[in-house]
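Have a look at the structure below, then the notes.
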Amino acid sequence: MNRIDAHQHFWRRSRGDYTWLNESGGALAPLQRDFMPEDLAPALEASGINRTVLVQAADTVAETEFLLGLADRHAFIGGVVGWVDLSRSDAADTLERLAADPRFKGVRPMLQDLPMADWISRAPHPDAVRALIRLGLRFDALVKAEHLPALLRFMQAWPELPVVVDHCAKPPIGRADAAERQDAWRRNMREIAALPQAHCKFSGLVTETPANLRSTGAAAIGALRPVWDEVLERFGPDRLMWGSDWPVVTLAFSHAQWLAVSESLVSELTPAEQASLWRGTAQKFYDIPLMESV
């Protein structure tokens with residue numbers, strides 16, 4: 001079975017640029033250690049995943065270079081989505097240098113953590129966005145529902161730039177007091193999905209689900225079904241891709257548990273549609289060659 005995990009992370013904390021992991025204890029305590037390729041290898045072997053997309057977890061070019069070094073040593077890493085400050089006047093030069101490595105597939109500004117919800121529609125330097133397009137790179141959008149209007153404006157302004165919405169834009173799941181936010185998420189995602197360059201990752205959602213709604217796999221499936229149904233209808237299997245969001249997913253489920261929940265939903269599709277979601281969409285979007293084994 002050939003599958004691509006379109007969204008996973010590695011980090012070595014001693015590098016010092018994972019600021020979101022600096023606060024001791026708390027909910028993120030299980031993630032406050034190194035996560036490296038040897039830690040993920042057993043899950044890949046058990047799951048039929050033989051390629052991954054390694055996504056940045058720090059807002060530094062140095063971390064992107066670290067990830068590209070890992071990709072150089074581990075063949076299962078099919079591509080790296082890194083970080084570049086797109087607002088800098090020299091961002092195009094940095095992109096040009098990084099793109100000399102064919103495993104550099106695109107960038108992901110950490111939009112959800114920026115103080116301006118509309119940063120993406122205001123701050124990027126036009127030369128940087130033109131460089132992304134010219135170099136054949138992609139844009140991963142790490143956003144929440146409140147960032148979608150600005151993302152939509154950005155995508156409308158740059159229709160030639162391929163964009164994928166990470167984690168389905170983290171919709172409010174199973175929260176009875178969030179009906180207005182759910183409606184806004186649904187409306188904005190429909191507008192984004194109407195743009196031909198838009199893609200979506202079915203990833204990272206179990207950690208957005210309240211604990212009482214994911215006490216079992218069946219409960220998680222029920223909680224996630226409205227999101228699944230919406231993005232499947234709007235994007236279709238040819239623009240949807242699966243990601244584990246490992247190791248962040250382990251805050252809620254093991255890699256195997258998240259895979260099993262996803263398989264239950266994906267199994268409702270035709271074999272061709274399943275193939276698109278498990279590998280075809282990510283392979284085409286990121287230009288990743290498959291390999292026979294990890």
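The values are calculated or read from the model by the stated rules, or taken from the named source; none is laboratory data. Keep in mind the model is a prediction, meaning the values are calculated, not measured. So basically every Cβ, Gly included, is an ideal-geometry build from the backbone, and we count neighbours across all protein chains shown.
Selection within the stretch 36-65: residues that are of a type in the set (D, E, K, R) and free of Cβ contacts under 8 Å to residues at least 40 places away in the same chain. The member of this set that is farthest from ILE4 (Cα to Cα) is GLU65.
From the list ALA150, ALA145, pick out the single residue that is touching a Phe, Trp or Tyr at 6+ places or on another chain (Cβ under 9 Å), surrounded by 16 or more Cβ atoms within 10 Å (Cβ to Cβ) and at pLDDT below 95. Spell out the reasoning first.
Values: ALA150 fails: at pLDDT below 95.
Sole residue among the options that is touching a Phe, Trp or Tyr at 6+ places or on another chain (Cβ under 9 Å), surrounded by 16 or more Cβ atoms within 10 Å (Cβ to Cβ) and at pLDDT below 95: ALA145.
Among helices (runs of 4 or more DSSP H) entirely within the stretch 184-294, having at least 2 residues that are in contact with a helix residue (DSSP H, G or I) (Cβ under 8 Å, 6 or more places away or on another chain) singles out 217-235, 255-266, 271-275.
Table: residues versus (1) over 18 Å from the mean Cα position of the chain (by Cα); (2) on the phi > 0 side of the Ramachandran plot; (3) surrounded by fewer than 23 Cβ atoms within 10 Å (Cβ to Cβ); (4) touching a residue at least 60 places away in the same chain (Cβ under 8 Å).
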| site | (1), (2), (3), (4) |
| --- | --- |
| ARG187 | yes, no, yes, no |
| THR207 | no, no, yes, no |
| ASN212 | yes, no, yes, no |
| GLY236 | no, yes, yes, no |
| LEU240 | no, no, no, no |
| GLY243 | no, no, no, yes |
| PRO247 | no, no, yes, yes |
| ALA260 | yes, no, yes, no |
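Residues satisfying the criterion are present in the stretch 125-133 (criterion: of a type outside the set (Lys, Arg), at pLDDT 95 or above, surrounded by fewer than 21 Cβ atoms within 10 Å (Cβ to Cβ) and touching a Ser or Thr at 6+ places or on another chain (Cβ under 8 Å)). From the list ALA131, ALA100, the one residue that fits, being in a helix (DSSP H, G or I), out of contact with any Lys or Arg (no Cβ under 8 Å at 6 or more places or on another chain) and of a type in the set (A, V, I, L, M, F, W, C), is ALA131. Are any of the residues in the stretch 175-182 of a type in the set (A, V, I, L, M) and surrounded by 19 or more Cβ atoms within 10 Å (Cβ to Cβ)? Checking the stretch 175-182: not a single residue is of a type in the set (A, V, I, L, M) and surrounded by 19 or more Cβ atoms within 10 Å (Cβ to Cβ). All of PRO115, PRO109 fail the test of being within 17 Å of the chain's Cα centre (by Cα), under 20 Å from ALA141 (Cα atoms) and either of a type outside the set (Phe, Trp, Tyr) or outside any helix (DSSP H, G or I) (or both), apart from PRO109.
The set of residues from the stretch 1-30 being outside any loop (DSSP other than H, G, I, E, B), closer than 23 Å to GLY243 by Cα and not charged (D, E, K, R) comprises ILE4, ALA6, HIS7, GLN8, TRP11, TRP20, LEU21, ALA29, PRO30.
Each row is one residue, and each column tells you yes or no for (1) surrounded by 22 or more Cβ atoms within 10 Å (Cβ to Cβ); (2) under 19 Å from the mean Cα position of the chain (by Cα); (3) under 29 Å from GLN274 (Cβ atoms).
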| site | (1), (2), (3) |
| --- | --- |
| ALA6 | yes, yes, yes |
| ASN22 | no, no, no |
| GLU38 | no, no, no |
| ALA41 | no, no, yes |
| ASN50 | no, yes, yes |
| LEU54 | yes, yes, yes |
| VAL80 | yes, yes, yes |
| ALA91 | no, no, no |
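Do you know which residues across the stretch 187-236 are basic (Lys, Arg) and closer than 23 Å to PHE285 by Cβ?
First, the residues of the stretch 187-236 that are basic (Lys, Arg): 187, 190, 201, 214, 225, 234.
The answer is ARG190, LYS201, ARG234.
Run down ARG225, ARG239, ARG234, ARG279 and say which single residue is closer than 18 Å to GLU45 by Cα, basic (Lys, Arg) and at pLDDT 95 or above.
Working: ARG225 fails: closer than 18 Å to GLU45 by Cα; ARG239 fails: closer than 18 Å to GLU45 by Cα; ARG234 fails: closer than 18 Å to GLU45 by Cα.
Result: ARG279 is the single residue among ARG225, ARG239, ARG234, ARG279 that is closer than 18 Å to GLU45 by Cα, basic (Lys, Arg) and at pLDDT 95 or above.
When restricted to residues that are at pLDDT below 95 and either on the phi < 0 side of the Ramachandran plot or touching a strand residue (DSSP E or B) at 6+ places or on another chain (Cβ under 6 Å) (or both), the stretch 153-179 contains 8.
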